[in-house]
1. Could you give the angle, 0 to 90 degrees to the nearest 10, between helix 8-33's Cα long axis and the longest principal axis of the Cα atoms of the chain?
2. Going by C-beta contacts inside 10 Å, put D50, D11, D34 in order with the fewest on the left.
3. Could you compute Rg(Cα) / (2.2 N^0.38 Å) for the chain, with N its residue count?
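Every number here is computed from the coordinates shown, using simple stated rules; none is lab data. Keep in mind that what you see is a predicted model, and the values were worked out from it rather than measured. A quick note on method: Cβ atoms are made from the backbone with ideal geometry, for glycine too, and the neighbour counts reach across all protein chains shown.
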Amino acid sequence: MIGPTRTQASDTTEQAVLYIAWNIWKERCRRVFDTKEMNASQLVLLIKQDIQNWHTAHNNWEE
């Protein structure tokens, strides 16, 4: 195999980064287009919930 091997930890980190970026982008769109906004703690909670939901769905898929 050429290049570094992927581990489950690196996959999980990659998914977390994607969910964080995606939720920040969605918050930007909420502010610009919907004239609504969340405070930082609400956004962090939403990101944590999304990551937990992905983790739960991913584990159920593997079973």
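1. 20 degrees
2. Fewest-to-most Cβ neighbours within 10 Å comes out as D34, D11, D50.
3. In units of the globular-protein estimate, the chain measures up at 1.41.
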